[in-house]
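Following: one structure in structure tokens, then a few remarks.
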DNA sequence: GATGAATGAGAATTCATTCAT
DNA sequence: GATGAATGAATTCTCATTCAT
């Protein structure tokens, strides 16, 4: 049902999605549905045919944005000459996407989870995770930062940009590069949840705090939908 | 009109303000005016007598919060033994105030200027400015950060906290220090203010740089609202 | 909250209730709320101030009707010279109330419980119950009929009347008496309450058993709502 | 247009009719047309090709139900050993058909004539009429009940059943059997409309109140569609 | 001054009906 | 002929603001 078979319907769905993306980006979540319909050049009923509620339209827009981001990040992943640069490029692209979207900023600032279609969040995290861990292994990023923290840092940087700040992102990126400041010496943290990893006497330091997180990361890597 | 002469009116104005503060903080800008009036135990008309519009009520609430913050910062200013610690303490207090207020977070994330009464913004900036410049002179904060940038950094940190991030503020604070000196190896830093902790020869490494920070962290842990 | 203190509000509430009663009665449950508001000469918001939803307005209307019915039945209860006549009078008044209200008919025919305010149904049943049991003790009504059955018989008679049937109620009432005694030949019965009419030696046979029924039928003929 | 020539179209028409019957029966008249189309496995347009409006679809469904009932009643008619039993069997079958159909109950309770295709009502009445008059002649049914009254009694019994009443129909049937209670002695009523028939001094008592009803009954006897 | 009632302009959502594919 | 997409009027409910009491 997501994508209709008929060409004209597919066309209209795309127009609605584009109009909604623009309207949400400019006016935020509170933009009336009629405005979106008007911008798309369709009736309100048509919007509802494609998306059963305003909420689901918002989530479709968000999902589409994030999928695009996943694709961009995927393109970056290959070039791993400089893991730090690659990670920070992905970070910046993410911030930019969020900034462009007022509705997304509002959602994040409200402390609500941004609602997206199933699997989208997982795919995004799966795309970002190797970039983060490679950068951390290369010493380009603080080791005590978990994937989840990166998400909130992105949200914060977006707010800064929305608030008109120029240096915000660079400050955060500097903070990410700083050698493990607050973290206790030699402590390692789970790259999934950020909890401390019990030190193992020998061998390579553990990346996860336990099986639960290892499994979760694994699932995400293979998540499809 | 700002503050009425009659005692009962003054009393009502204060009750409305308190109710509005709580309501905006908990439910955000979209909270209906009737809810605020109800919480204040007055009629909707009374709210309008004191504040000509919902917008102006919001701005009064914001102004009152910020004035309180200005007072807190003013209290810190005296103790200038460690300019870096003083600045970061003010920074954190500011972040906390913002985080407590959903309406404020929303406003900042929307990229709109938070509307406050005339002079309030100026007084806040005037309170923060000496702290920033002293900290910069002492080399505790990057010199290329302007007062205006600090404001957006505060907004960003609030968003991170609202989004559930734990390390956001510490990353930003590290970033603010970063240009000065990359953290020395083996050095431990105060988990409250990020300053270096004098190495103790024996026992468990200290978590705080001194009693002030220990106490501050304690208070925060038991803060109620 | 049910009844406001201010006189004008009480007045408006009554107007809304009256308008809703009329609108539901004439057009059924599906009548738009705007129509009710218009008939009451108030804005839609005023309707919602007094009744939080259309559903609750309907239930208030129903409850008010039924309370009126309870009062009428209460007035009948005193006159217990003829328990059968008293019961059947209450029965007929109930049918008439239901018939006047299209919304009520619809609800009953849908097999849904008619929603009324708490206690109303109970009061109605409490008013009807002694009438039924006295009539049964006097042998005027079949002993195998429960109070609940009477309710559905009322609903059925209302539908018959709504469908334009003239004899429906008398058939049902005969059925209720049937087990006791098959009507005697040559006997005439009151067209209002179904009781036997004392035979008059001369002239046109009497249609009513007495002045009470004649008057009641007259009133009904000129009832307005 | 009623029945298409092409086999697939005829097939679709039947599917729509069956789906509509089920949907109306379960959910009442307010069931959305898309739901009906969905249950039939066709598009909304197809429904409109076969039935020009929702109203006409409803009427087609009703007509089809009633035609089926006519057939059942026709089967009963032959066995005239016990005219009373035959009539009451037809009565009960009719009630059951109505109860099964929420839309039909709603229509009847609204006091609106149930809209059926031309001739259908007439055929139904024509099937029921001889059963009623034979039962009346045999003294098994009150003589003062007209065909039209039987229709409303059926509607009433259906409402009682929908309202959960168990004894409703039996009470009505008892009422129908009771010897001519309310009717004035020797009075005859038109078997078509139920109005009193002016007494003729001589010959067989008139069955109709006038030429209009005689003609109407005649037409019904020979109605074809 | 306080109250809370009234207003009425939206906002989301549904659905019978039409029409391009 | 069939399909299902598009339409847009209608409906319920909300809420900032005004105003009579």
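Results, tabulated for the structure shown:
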{"quantity": "Of all chain D residues, the one whose C-beta is nearest the axis that brings D onto A, in angstrom", "calculated": "D:45, 3"}
{"quantity": "Average projection area in nm² (convex hull over Cα atoms of the stretch C:59-120, one quarter of hull surface)", "calculated": "4.4"}
{"quantity": "For residues of B:99-112, the mean tally of beta carbons on other chains within 10 Å", "calculated": "5"}
{"quantity": "Across the identical copies, how the residue B:67 labels are spaced - nm, sorted shortest first, 7 Å along Cα→Cβ", "calculated": "4.9, 5.2, 8.3"}
{"quantity": "Calculated SAXS-style log₁₀ I(q)/I(0) at q = 0.23 Å⁻¹ - the stretch B:1-46, Debye, Cα scatterers", "calculated": "-0.76"}
{"quantity": "Square roots of five times the Cα gyration tensor eigenvalues for the stretch A:113-152, Å", "calculated": "23, 11, 5"}
{"quantity": "Extent along principal axes [Cα atoms of the stretch B:1-77; Å; largest to smallest]", "calculated": "42, 31, 18"}
{"quantity": "Inter-copy spacing of residue D:82 label points, which lie 7 Å from Cα along Cα→Cβ, given in nm from shortest upward", "calculated": "3.5, 10.2, 10.4"}
{"quantity": "Other copies of residue A:111: label-to-label distances in nm, shortest first, labels 7 Å along the beta-carbon direction", "calculated": "2.5, 4.8, 5.7"}
{"quantity": "For the stretch D:109-183, the Rg and Dmax computed from alpha carbons only, in angstrom", "calculated": "13.6, 37"}
{"quantity": "Convex hull per residue volume in Å³, alpha carbons only, for the stretch D:86-142", "calculated": "88"}
{"quantity": "Rg/Rh ratio calculated on Cα atoms of the stretch D:1-149 (Kirkwood radius)", "calculated": "1.05"}
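Read-outs throughout are calculated quantities, based only on the coordinates presented, and are distinct from any laboratory measurement. Since the structure is predicted, the reported quantities are computational estimates derived from the model, not experimental observations. Glycine also receives a Cβ, built like all others from the backbone with ideal geometry; neighbour counts cover every protein chain displayed.
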